[in-house]
1. Please build a GNM for the chain, connecting alpha carbons under 10 Å apart, and tell me which residue among Thr20, Thr49, Thr11 fluctuates the most.
2. Taking only protein heavy atoms and a 1.4 Å probe, what accessible area per residue, in Å², does the stretch 30-69 have with all protein chains in place?
3. Modelled label-to-label distance, His14 and Val41, 7 Å Cα→beta-carbon offset: nm?
4. Taking only Cα atoms, what is the 0 to 90° angle, nearest 10, from helix 54-63's long axis to the longest principal axis of the chain?
5. How many nm is it between the label spots at Thr4 and Asp55, if each spot is 7 Å from the Cα in line with the beta carbon?
6. Heads up, I need the accessible area for Glu56: 1.4 angstrom probe, whole protein in place, Å², nearest 10.
7. Please determine, in degrees from 0 to 90 and to the nearest 10, the orientation of helix 13-24 with respect to the longest principal axis defined by the Cα atoms of the chain, where the helix direction is its Cα long axis.
8. What value, in deg cm²/dmol to 500, does the helix sum -39500 (n - 2.57) over DSSP H runs of n ≥ 4 give at 222 nm once divided by the residues of the chain?
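The values are calculated or read from the model by the stated rules, or taken from the named source; none is laboratory data. Worth saying up front: this structure is predicted, and the values here are computed from it rather than measured. FYI the Cβ positions are ideal-geometry reconstructions off the backbone, even for glycines, and counts take in every protein chain you see. When the accessible area is computed, the model is the full protein with side chains, heavy atoms only, and any ligands, DNA or RNA have been set aside. Shrake-Rupley method; radii C 1.70, N 1.55, O 1.52, S 1.80 Å.
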Amino acid sequence: MQTTVNVSGMTCGHCVMSVTEELTGLEGVESVDVDLVAGGVSPVVVTSTRELSEDEIEKAVEEAGYSVA
Ligand code: 9UX
């Protein structure tokens, strides 16, 4: 299933890598697709084998150093 989360604060490819790696570490996550809007709010599509809670996604995004818009 897919969940879209809006992440703010990312400005470059390294930011994208950090968020991607953190979200990929969540159980069941198969892929993470970030549509970078540098300096703005970037939609991030997370594809997983199970339903992810908003809370765990938000925690992972914050762990990477960014925030959910
Ligand atoms: Mo470099 Mo992206 O500090 O925030 S990782 S711009």
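1. Thr49
2. Values: 2300 Å² over 40 residues.
Per residue, the stretch 30-69 has an accessible area of 58 Å².
3. With each label point 7 Å from Cα toward Cβ, the separation is 2.7 nm.
4. 50
5. Simple spin-label model gives 2.5 nm for this pair.
6. That residue has around 50 Å² of solvent-accessible surface.
7. Between the helix axis and the principal axis of the chain, the angle is about 20 degrees.
8. Numbers: 2 runs with 22 residues, N = 69.
When only DSSP H runs of four or more count, the value is -9500 deg cm²/dmol.
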